[in-house]
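Report on one structure; see the data block that follows.
Taken together, the values in this text are just the output of simple stated rules run on the coordinates, not laboratory data. Note that this is a predicted model, so its numbers are computed, not measured. Using ideal geometry, Cβ is built from the backbone for each residue, glycine included, and neighbour counts are taken over all protein chains shown.
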């Protein structure tokens, strides 16, 4: 569990190949007090997760090199990372996609478009667990 009242910032990794969305999420989450790292593809996301061990991860599904499901599966297979909460944030809203994301090990599956307040609430809920 992460102490949400601690002075240390909560590190969020956002992996998405959509640059505009990365900038929007990064700016909004930083304004809300989070520290944010970004990755533009699945391999970069895995490298960042391993090097930095964020407190929570937000993954898009459709990314170059490794998709979000593959990244999530690799995170869950790593004993040092398996407990890091993962949110999949994707435009894929079909039930089979949501099921696939949860089977890959995501704690939560959110669909785009989304509300920033809802994303922040979900981040904080998962961090409290």
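I need the full set of residues from the stretch 13-41 which are under 18 Å from residue 107 (Cβ atoms) and either assigned to a helix (DSSP H, G or I) or touching a helix residue (DSSP H, G or I) at 6+ places or on another chain (Cβ under 6 Å) (or both), in order please. Outline the logic, then answer.
Keep residues of the stretch 13-41 that are under 18 Å from residue 107 (Cβ atoms), which gives 13-16, 25, 29, 34.
Correct list: 13, 14, 15, 16, 25, 29.
Within the stretch 70-92, can you find the residues that are over 21 Å from residue 125 (Cβ atoms) and touching a strand residue (DSSP E or B) at 6+ places or on another chain (Cβ under 8 Å)? Answer for the stretch 70-92, where residues must be over 21 Å from residue 125 (Cβ atoms) and touching a strand residue (DSSP E or B) at 6+ places or on another chain (Cβ under 8 Å): 71, 91, 92.
The set of residues in the stretch 33-67 that are under 24 Å from residue 124 (Cα atoms), surrounded by 16 or more Cβ atoms within 10 Å (Cβ to Cβ) and touching a residue at least 40 places away in the same chain (Cβ under 8 Å) comprises 34, 54, 55, 56, 57, 58, 59, 60, 61.
For the stretch 74-129, the set of residues classified as crowded, with 17+ Cβ neighbours inside 10 Å, over 14 Å from the mean Cα position of the chain (by Cα) and part of a loop (DSSP other than H, G, I, E, B) consists of 92 only.
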